[in-house]
Amino acid sequence: TEYSDNYINTLKMTRDFNLAADALEVRRTQNTITQEQYLLLAFCQYMQGKNDEAKETLENITDEATKQKDLAAILNYFLSGGEHTVEQELDFLQPFHDSSDKFIAFETSFASAIRYARKNDLENGKKCMEKAAQISPLLGKPVQAEYLFRFGIITEAMAVLEECTKRYVTNEMGQMLGECYTMTGQAAKLAELRKQFLSGSNARISTGLYLEALHAYLTNDETI
């Protein structure tokens, strides 16, 4: 159970809610699931869009202390079936941004950023994404970069991506950063980035070929 607990916690903190739900279902089948894990399972189901299952899972929680946790309050609010405006949801989420529980603080900051985007308030959305990135840089920085990139804030997205790639670079990061370099006319940086995708999996090599095509476009190289 100790190994299982650590595995589930890692999946939670890396936002792999599908695998976390699978692992928690195993614990439920084995009858070794805790009350707090029931709460986490409900959240994973909610994040998968399985609201009815999440409601049923919450009914398994009988411990009063667990029922009073922030995550329980958040789930009860969003699973209540009532209609909420974006503004009401933002007002509800705001106090949780400073939760001592990093998971709660990250998830609510991230959720608020998405809602600010829906109402085209990108300035407040950026602030929420920046907070999420501060809470968990390894996870939050790539998400922050994607948020900025998707809304066309290219210079800021590029800066965050360059910071991320000092530690590691995924295929998705490489594609976004390559497009940032293309849009800002930085052929030399694009060529240097391409070197990180010369070998590896098929997906990584495909990313490299895409970056090569971007470089050819940027330098008017018609031989590619």
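Picking from residues in the stretch 38-79 that are open to solvent by less than 20 Å² (accessible area, probe 1.4 Å) and polar (S, T, N, Q), the one that is nearest to the chain's Cα centre (by Cα) is 45. Of all residues assigned to the stretch 137-152, at least one qualifies as being over 26 Å from residue 44 (Cβ atoms) and open to solvent by less than 30 Å² (accessible area, probe 1.4 Å). I'd like to check something: does the stretch 195-205 contain any residue that is at pLDDT below 95, part of a loop (DSSP other than H, G, I, E, B) and hydroxyl-bearing (Ser, Thr, Tyr)? For the stretch 195-205, residues at pLDDT below 95, part of a loop (DSSP other than H, G, I, E, B) and hydroxyl-bearing (Ser, Thr, Tyr): present. Just checking, does the stretch 161-178 include any residue being part of a helix (DSSP H, G or I) and of a type in the set (Val, Ile, Thr)? Looking through the stretch 161-178, none of the residues is part of a helix (DSSP H, G or I) and of a type in the set (Val, Ile, Thr).
Tell me yes or no: at least one residue of the stretch 119-126 is part of a helix (DSSP H, G or I) and either touching a residue at least 60 places away in the same chain (Cβ under 8 Å) or farther than 30 Å from residue 175 by Cβ (or both). Scanning the stretch 119-126 turns up no residue that is part of a helix (DSSP H, G or I) and either touching a residue at least 60 places away in the same chain (Cβ under 8 Å) or farther than 30 Å from residue 175 by Cβ (or both). Among residues of the stretch 161-176 that are open to solvent by less than 70 Å² (accessible area, probe 1.4 Å), those with a Cβ under 9 angstrom from a residue that is outside any helix (DSSP H, G or I) and at pLDDT below 90, sequence gap 6+ or separate chain, pair up as 161/169; 173/165; 174/165. In the condition set (1) under 26 Å from residue 81 (Cα atoms); (2) open to solvent by 50 Å² or more (accessible area, probe 1.4 Å), residue 21 is compliant with all but (2).
Can you tell which of 10, 29 is without any contact (Cβ under 8 Å) to a residue 60 or more places away in the chain, open to solvent by 20 Å² or more (accessible area, probe 1.4 Å) and either more than 26 Å from residue 139 (Cα to Cα) or not polar (S, T, N, Q) (or both)? Step through it out loud before you land on a result.
Values: 10 fails: either more than 26 Å from residue 139 (Cα to Cα) or not polar (S, T, N, Q) (or both).
Of the residues listed, the single one that is without any contact (Cβ under 8 Å) to a residue 60 or more places away in the chain, open to solvent by 20 Å² or more (accessible area, probe 1.4 Å) and either more than 26 Å from residue 139 (Cα to Cα) or not polar (S, T, N, Q) (or both) is 29.
The values are calculated or read from the model by the stated rules, or taken from the named source; none is laboratory data. Predicted model only: the values in this text are computed from it and were never measured. Please note: Cβ atoms are built from the backbone with ideal geometry, for glycine as well, and neighbour counts cover all protein chains shown. All accessible areas refer to the heavy atoms of the entire protein, side chains included, with ligands and DNA or RNA removed. Shrake-Rupley method; radii C 1.70, N 1.55, O 1.52, S 1.80 Å.
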